[in-house]
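Written out below as structure tokens is the structure these notes cover.
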């Protein structure tokens, strides 16, 4: 039997998501071989390399060294994606990049130009799109009538407890490697949201957390337009409410991160029809294999009817990398391509034009 050769993959950015999800999944999925790793922290890069059976020379703090190593693909999971995605595309190396694609719409348009000119495939890490429960509901939605309302709700919490289950190697205190990256991101956000600190904080919250639901609702109902946007400060952070329209569909995004004190992750997407609702209940992304549930509620003349379906326990993070493998081998086109991420940042720019503070 002929077997396809292993794909040599480099991973840039070895933080929580990379160590908790991407590296274990790349190691266990057939067809991948992690051959290079990169992080701004030399301690993290070398420690992670050794823990995955690599020699010290496979670790670097300069992503350009990694891109020169003859890779078949690169996984980008640091915080400032722009230069790595740009240079990977220019070199013709297929890219998997975590959301957000980049921090500004201007840079997103520039990345799209490079990607279209080179034809390099890019998969954006909207892992919810690879969730088996989401796939089930997307397949069913074609036969559904127009909903009365759609509510995307993410009051993220419980992270402080979940993270203790999966220890992560961090930079040594004397390294302080992320200062330059932090400054660069702050400058990019300021160029998009302005110098007002509150506007910048809300912009970053939407780009980091709400962007998942923005992309997901767009997959269900098409291009989004912001109708309203409000933000108010709470004891635990900014609470943002965004009204949207997608064709005949109207709804809202509700976002409030409470990573420190909330006991549980609280994330749902609810679609309301006359007399019934269908709800996706998402588990914490900081736990392995916590399933997404489909809850349905309705009523007849005399009965209240409800059901709960667990489609699968396979990690959406694992499923998206399995899809990326097919993209690298030219077996499929990206399901979550760069162009979708550009559209999501266009929606974010639209939101900021309507944002008011309460």
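Taken together, the values in this text are just the output of simple stated rules run on the coordinates, not laboratory data. As the structure is a prediction and not an experimental result, all values here were calculated from the model. Here the Cβ is made from the backbone with ideal geometry for all residues, glycine too, and neighbour counts use every protein chain on show.
Please compute the length gained on full extension between residue 259 and residue 50, using 0.36 nm multiplied by the number of residues separating them and subtracting their Cα-Cα distance. Please list the in-between numbers first.
Values: separation 209, 0.36 × 209 = 75.24 nm, distance 3.08 nm.
The residue 259-residue 50 span can extend by a further 72.2 nm.
Rounded to the nearest 10 degrees, the inclination of helix 211-221 to the longest alpha-carbon principal axis of the chain is 60 degrees.
Multiplying the sequence separation of residue 116 and residue 301 by 0.36 nm and subtracting their Cα-Cα distance, what value in nm do you get?
Numbers: separation 185, 0.36 × 185 = 66.60 nm, distance 5.53 nm.
Taking 0.36 nm per residue and subtracting the Cα distance, the gain is 61.1 nm.
Here the calculated FRET efficiency for residue 57 and residue 273, from their Cβ-Cβ distance with R0 = 51 Å, stands at 0.30, rounded to the nearest 0.05.
In a fully extended conformation the segment linking residue 163 and residue 90 would gain 22.7 nm over its present Cα-Cα distance, using 0.36 nm per residue.
Helix 132-141 and the longest principal axis of the C-alpha atoms of the chain enclose an angle of approximately 40°.
The C-alpha atoms of the chain define a longest principal axis, and helix 179-193 lies at about 40 degrees to it.
Structure remark: mean-square fluctuation, Gaussian network model of the chain, C-alpha springs under 10 Å; the largest value among 196, 154, 25 belongs to 196. FRET efficiency for the residue 135 to residue 33 pair, using the beta carbon distance and R₀ = 35 Å, is estimated at 0.80.
Given R₀ = 25 Å, what would the calculated FRET efficiency be for residue 65 paired with residue 176, taking r from the Cβ atoms and rounding to 0.05? Let's see the in-between values first.
On the way: r = 21 Å, r/R0 = 0.84.
Plugging the Cβ-Cβ distance into 1/(1 + (r/R0)^6) gives 0.75.
Listed options for mean projected area of the Cα convex hull in nm² are (1) 18.9; (2) 20.0; (3) 17.9. The value calculated from this structure is the one marked (2).
Using C-alpha pairs under 8 Å with a sequence gap of at least 6, the mean separation divided by the residue count of the chain gives a relative contact order of 20 percent. If you run the Gaussian network model on the chain, springs between alpha carbon atoms under 10 Å, then out of 146, 20, 104 the most flexible one is 146.
For the chain, the share of DSSP beta bridges that are antiparallel, to the nearest 5, is 60%.
For the range 95-245, the square roots of the Cα gyration tensor eigenvalues, ordered a ≥ b ≥ c, give a/c below 1.5, which places it in the rounded category.
Sorting the segments 206-217, 339-350 by their mean number of nearby beta carbons within 10 angstrom, highest to lowest, gives 206-217, 339-350. Cα gyration tensor of the range 5-83, axes a ≥ b ≥ c as square roots of the eigenvalues: rounded (a/c below 1.5), prolate (a/b > b/c) or oblate? Because its axes are fairly even, with a/c under 1.5, the range 5-83 counts as rounded. Label point of residue 357 set 7 angstrom out along Cα-Cβ; within the range 196-232, amide nitrogens under 16 Å from it belong to 196-206, 229-232.
Largest GNM mean-square fluctuation across 188, 310, 115, computed for the chain with C-alpha springs under 10 Å, falls on 310.
A crude spin-label estimate for the pair residue 6 and residue 106, with each label 7 Å from Cα along the Cβ direction, gives 4.4 nm.
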